[in-house]
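Scroll down for the structure; my scribbles are underneath it.
Every read-out reported here was derived from the displayed coordinates using simple, explicitly stated rules and does not represent laboratory data. Fair warning: this is a prediction, and the values are worked out from it, not measured in the lab. Because the Cβ atoms are built from the backbone with ideal geometry, glycine has one as well, and the counts that use them run over all protein chains shown.
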Amino acid sequence: MTGDKPTKPSPKGDAKPPERTSSRMRVPVLPLRETVMFPGVTAPIGAGRPATLRAIEAALKEETKLIFAVAQRENVEQAQPEVLYTTGTVARIGQVQRGLGGIQLLLHGEYRATVLQYSETESGFFEAVVQEAPDLPPLDREDAAFVALHKEVRERAAELGLRMGLPEEVVKQVLEGVPVKVFPVPEGVVFTKIDAETGLLPIPESEKTVFVCFKEGTVPTDFTKPPGEVTEEDDFFKKDL
């Protein structure tokens, strides 16, 4: 496979358990709309499409609880291989909260991977044979195109950082051209997106979110309550007054 051209699905068959040969593995596919999952990041994801729910349930049946989180090229309701990118993140499913409208789950990105093949199961969800994708350094760090692209990416990252709640001093350092250093995340530390007002996992209605680092095992497991939802007994009796 070359470039980002998606593979065509193979003939339908029964869902198969995750199988790994060297660095290859077969896992259910979790299409993401307007969201990108990164390795080393823990993020809450909402799911409600029937095929997506079936993919999640298939992943939860396995001991590894791994799923391939990949972004869609287009925001369509029924995601087919041709609208899915071929680079995504193998993620582990953590906390799961079921509701009438679907599922809220906590994903932790394990590693970046590329798709070798998409296939559709008889249950109607997609699986992918994926292979871990190594990080590739630039061919020439002094190349003018690379330097310009690197500068633009850093500036946009700084803009996004301000929106996500990063300290202004950190953003300022990026804009001033402080050399980028790879910061190895200490073992046992995870990053999770949190609702800035409640300190809980965010929901689609959350107006402001921030990334917060936690010691593994201390990440909040409760989701922010939707606006208008009754949470206290006294509020229940006052609701219709």
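Exposure proxy ranking for Glu82, Glu187, Glu127, Glu207, based on other Cβ atoms within 10 angstrom of each Cβ and starting from the fewest, stands as Glu187, Glu207, Glu82, Glu127.
What ranking do Phe68, Phe125 get, fewest neighbouring Cβ atoms within 10 angstrom at the top? It would help to have the intermediate numbers written out before the result.
Numbers: Phe68 28, Phe125 24.
Neighbour counts put them in this order, fewest first: Phe125, Phe68.
Panel order for Tyr111, Tyr118, by other beta carbons found within 10 Å of each beta carbon, from fewest to most: Tyr111, Tyr118. For the pairs Lys193/Lys225; Lys193/Lys215; Lys65/Lys215; Lys151/Lys208, note any where the Cα-Cα span goes beyond 24 Å. Among Lys193/Lys225; Lys193/Lys215; Lys65/Lys215; Lys151/Lys208, the Cα-Cα distance tops 24 Å for Lys151/Lys208. Remark: the Val83-Glu159 segment gains 24.6 nm on full extension, using 0.36 nm per residue and subtracting the alpha carbon distance. Mean silhouette area of segment 10-132, derived from the convex hull of its C-alpha atoms and averaged over all directions, reads 6.8 nm².
Is segment 41-105 best put as rounded, prolate or oblate by its Cα gyration tensor, with a ≥ b ≥ c the root eigenvalues, rounded for a/c under 1.5, and otherwise prolate when a/b is larger than b/c, oblate when not? Before the final figure, lay out each step's value.
Details: a/c = 1.72, a/b = 1.26, b/c = 1.36.
Here segment 41-105 falls in the oblate category.
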